[in-house]
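Visitor: Starting off with a structure, shown below.
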Amino acid sequence: MAGSSVVTENLPILGRENLPILGRENSPIPGRPVDIRPPTVPAAEPPLWRRWELPTWGVVLAVYGGFLLLTWHFRHIPVWLGAPLGAVLLAWHGSLQHETIHGHPTRSRRLNAWLGAPPLALWMPYAIYRETHLQHHRQSGDGLTDPARDPESHYLLPGALAGMKRWRRGIARFNTTLAGRLTVGPGLAIAALWRRELRRFSTGDRRRRRLWLGHAAGAAAVILWVAGVCGVPLPVYLGLVVYPSLSLTLLRSFIEHRAASDPRQRTAVVEAHPAWALLFLNNNLHIAHHACPALPWYELPRVWRTLRPAAACRPGALFAGYGDILRQHLFRAVDGAEHPQAMLCDDCSGADQRAAHRCGTEDHPPAEPGLSFACACASASAGEHGLRPSIGL
């Protein structure tokens, strides 16, 4: 109303604590007090698509549906088109396997393993990938990238080059460039895994033998479908689909960990094009992934936006896409072939033992074990692995 005003400065602010409770004498139900304060509003439930992890289920359908369709029609597609599509699908499958290892898309470890287990790439059992990857996440501080403790490290132990022939030293050094990682890197990774597994076989590890027998059955089923039913020549599948798919994975991992003297600088992020981010399920935001390893892939960009200001201050922590890495490291080494600070056990202090790669195996544990932490992820699946690796900022 004109000329009038409501005086509010002396009115109390009525929060929940200021609202009255009707006593028994004022209650409409005799003998029972009535609380007229508003009830506590529960936190809003996340939308259905997030609770059911529908984006990850979409990836499951796209990967396996795409694989079946592509292999079925492979004979009718030019190899120059079908093989790259197959390599992309297998690399995407590897990203999906990584997601299942971290507790997605369900709370059931068994169901997640079932979803990730089909060995489309043939060369590595899912159970070994899960075991080695979680061991990688248990490393913190100096343990990350240390080949004696981190099974996903691409570094050699100190002194290993001295025990190699000249041509092997050349390959090892070439592998420190992006061109080398994409061409000889897959072969080196496969050979290293098989060599390590053969050593375990020689010790009579029955569990390992059962694991590999199960993997062999799965791989045989994939080969039967690809080569027997769909008529894809096995050399084409192995050489033009499987091998390049591992090259794509190694493109992602090329820069994500380096043996910096400051452990906080050992993890990096590539702010990639959305197509690359989808292929890698945002694992290119590797600092965010190591900060919250149990977080689903589609939540990582939100976490990265929070961490980015601090990461941007760290040298070598941020790259503006894979083109940036290509320009810097196509033929220029990203680092030395040998790890500069690897922890060695007392028995491996000599160059001959280091060259034999014995340190870090079961019979030669490193001098200092890696550390484990409680998971930092506020996620229902955080208890799946109970890990909180270093953030790497």
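The values are calculated or read from the model by the stated rules, or taken from the named source; none is laboratory data. Just so we're clear, the structure is a prediction, and the values are computed from it rather than from any experiment. All Cβ positions, even for glycine, are placed from backbone atoms using ideal geometry, and neighbour counts span all protein chains on display.
Visitor: For residues that are surrounded by fewer than 21 Cβ atoms within 10 Å (Cβ to Cβ) and under 28 Å from Gly141 (Cα atoms), scanning just segment 253-275, find the one that is nearest to the chain's Cα centre (by Cα).
Guide: We begin by selecting, within segment 253-275, every residue surrounded by fewer than 21 Cβ atoms within 10 Å (Cβ to Cβ); these are 253, 258, 261-265, 271, 273-275.
Next cut, under 28 Å from Gly141 (Cα atoms) only: 253, 258, 261-265, 271.
Numbers: Ser253: 10, Arg258: 16, Ser261: 23, Asp262: 22, Pro263: 19, Arg264: 18, Gln265: 18, Glu271: 16 Å.
Here the answer is Ser253.
Visitor: Restricting attention to segment 242-279, which residues are basic (Lys, Arg) and part of a helix (DSSP H, G or I)?
Guide: Filtering segment 242-279 down to residues basic (Lys, Arg) leaves 252, 258, 264, 266.
Passing the criteria: Arg252, Arg264.
Visitor: Something else: Can you find, within segment 147-194, the residue that is nearest to Ile325 (Cα to Cα) among those that are more than 23 Å from the chain's Cα centre (by Cα) and basic (Lys, Arg)?
Guide: Taking segment 147-194 first, the residues more than 23 Å from the chain's Cα centre (by Cα) are 157-174.
Going one step further and asking which of them are basic (Lys, Arg), we end up with 165-166, 168-169, 173.
Details: Lys165: 30, Arg166: 28, Arg168: 25, Arg169: 24, Arg173: 17 Å.
Among those residues, the one meeting the criterion is Arg173.
Visitor: Ok, one more. Got a sec? Which of Arg252, Arg181, Arg266, Arg258 is of a type in the set (D, E, K, R), in contact (Cβ under 8 Å) with a residue 60 or more places away in the chain and closer than 29 Å to Phe74 by Cβ? Break it down stepwise before answering.
Guide: On the way: Arg252 fails: in contact (Cβ under 8 Å) with a residue 60 or more places away in the chain; Arg266 fails: closer than 29 Å to Phe74 by Cβ; Arg258 fails: closer than 29 Å to Phe74 by Cβ.
Testing whether each residue is of a type in the set (D, E, K, R), in contact (Cβ under 8 Å) with a residue 60 or more places away in the chain and closer than 29 Å to Phe74 by Cβ leaves just Arg181.
Visitor: Please work out if Trp123 is part of a loop (DSSP other than H, G, I, E, B) and modelled with pLDDT of 95 or more. So that I can check it myself, show each step before the final result.
Guide: Working: part of a loop (DSSP other than H, G, I, E, B): yes; modelled with pLDDT of 95 or more: yes.
The answer is yes for Trp123.
Visitor: Return the only residue of Leu234, Leu211, Leu240 being modelled with pLDDT under 95 and hydrophobic (A, V, I, L, M, F, W, C). Talk me through it step by step, then tell me what you get.
Guide: Working: Leu234 fails: modelled with pLDDT under 95; Leu240 fails: modelled with pLDDT under 95.
Only one candidate passes the filter, namely Leu211.
Visitor: Which ranges mark the helices (runs of 4 or more DSSP H) fully within segment 141-241 that have 2 or more residues being buried (at least 18 other Cβ atoms within 10 Å of the Cβ)? Please lay out each step first, then the result.
Guide: Numbers: elements: 166-174, 178-183, 185-202, 206-223, 234-237.
The helices (runs of 4 or more DSSP H) meeting that bar are 166-174, 178-183, 185-202, 206-223.
Visitor: Looking only at segment 100-120, which residues are among the hydroxyl-bearing types (Ser, Thr, Tyr) and in a helix (DSSP H, G or I)? Reasoning before the result, please.
Guide: So the first thing to find is which residues in segment 100-120 are among the hydroxyl-bearing types (Ser, Thr, Tyr), and the list is 100, 106, 108.
Passing the criteria: only Thr100.
Visitor: Also, quick follow-up: Can you find a residue that is touching a Leu at 6+ places or on another chain (Cβ under 7 Å), at pLDDT 95 or above and at negative phi anywhere in segment 135-147?
Guide: Taking every residue of segment 135-147 in turn, none turns out to be touching a Leu at 6+ places or on another chain (Cβ under 7 Å), at pLDDT 95 or above and at negative phi.
Visitor: Sort out which residues of segment 280-300 are over 26 Å from Leu246 (Cβ atoms) and in a helix (DSSP H, G or I), and write them in order of number. Can you show your working first?
Guide: As a first pass, look at segment 280-300 and keep what is over 26 Å from Leu246 (Cβ atoms): 291-292, 299.
Answer for segment 280-300, where residues must be over 26 Å from Leu246 (Cβ atoms) and in a helix (DSSP H, G or I): Ala291, Glu299.
Quick grid of which residues meet (1) at pLDDT 85 or above; (2) part of a helix (DSSP H, G or I):
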position: Pro315; (1), (2): no, no
position: Gly323; (1), (2): yes, yes
position: Ala333; (1), (2): yes, no
position: Gly336; (1), (2): yes, no
position: Met343; (1), (2): no, no
position: Asp352; (1), (2): no, yes
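Visitor: Name the residues in segment 314-333 that are surrounded by fewer than 18 Cβ atoms within 10 Å (Cβ to Cβ) and touching a Phe, Trp or Tyr at 6+ places or on another chain (Cβ under 7 Å), would you?
Guide: Scanning segment 314-333 gives no hits.
Visitor: Still on this model: Pro293 versus (1) under 20 Å from Thr145 (Cα atoms); (2) of a type outside the set (Lys, Arg); (3) at pLDDT below 90: which is the lone unmet condition?
Guide: (3)
Visitor: Just need a number here: residues in segment 254-286 that are out of contact with any helix residue (DSSP H, G or I) (no Cβ under 7 Å at 6 or more places or on another chain), of a type in the set (A, V, I, L, M, F, W, C) and under 26 Å from Pro105 (Cα atoms).
Guide: Our first condition is that a residue be out of contact with any helix residue (DSSP H, G or I) (no Cβ under 7 Å at 6 or more places or on another chain); within segment 254-286, this holds for 257-262, 264-266, 271, 273-275, 277-278, 286.
Filter once more, so that each one left must be of a type in the set (A, V, I, L, M, F, W, C): 259-260, 275, 277-278.
If we keep only those that are under 26 Å from Pro105 (Cα atoms) as well, we get 275, 277-278.
Summing the residues that are out of contact with any helix residue (DSSP H, G or I) (no Cβ under 7 Å at 6 or more places or on another chain), of a type in the set (A, V, I, L, M, F, W, C) and under 26 Å from Pro105 (Cα atoms) in segment 254-286 gives 3.
Okay, residues lined up against (1) loosely packed, with under 10 Cβ neighbours inside 10 Å; (2) modelled with pLDDT under 50; (3) assigned to a loop (DSSP other than H, G, I, E, B); (4) among the polar types (S, T, N, Q):
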{"position": "Arg24", "(1), (2), (3), (4)": "no, yes, yes, no"}
{"position": "Thr40", "(1), (2), (3), (4)": "yes, yes, yes, yes"}
{"position": "Ala43", "(1), (2), (3), (4)": "yes, no, yes, no"}
{"position": "Val63", "(1), (2), (3), (4)": "no, no, no, no"}
{"position": "Leu69", "(1), (2), (3), (4)": "no, no, no, no"}
{"position": "Pro84", "(1), (2), (3), (4)": "no, no, no, no"}
{"position": "Ala91", "(1), (2), (3), (4)": "no, no, no, no"}
{"position": "His98", "(1), (2), (3), (4)": "no, no, no, no"}
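Visitor: Does segment 197-206 contain at least one residue that is farther than 30 Å from Pro340 by Cα and under 24 Å from the mean Cα position of the chain (by Cα)?
Guide: Kept after step one, since they are farther than 30 Å from Pro340 by Cα, are these residues of segment 197-206: 201-206.
Add one more test, that the residue is under 24 Å from the mean Cα position of the chain (by Cα), and what stays is none.
Looking through segment 197-206, none of the residues is farther than 30 Å from Pro340 by Cα and under 24 Å from the mean Cα position of the chain (by Cα).
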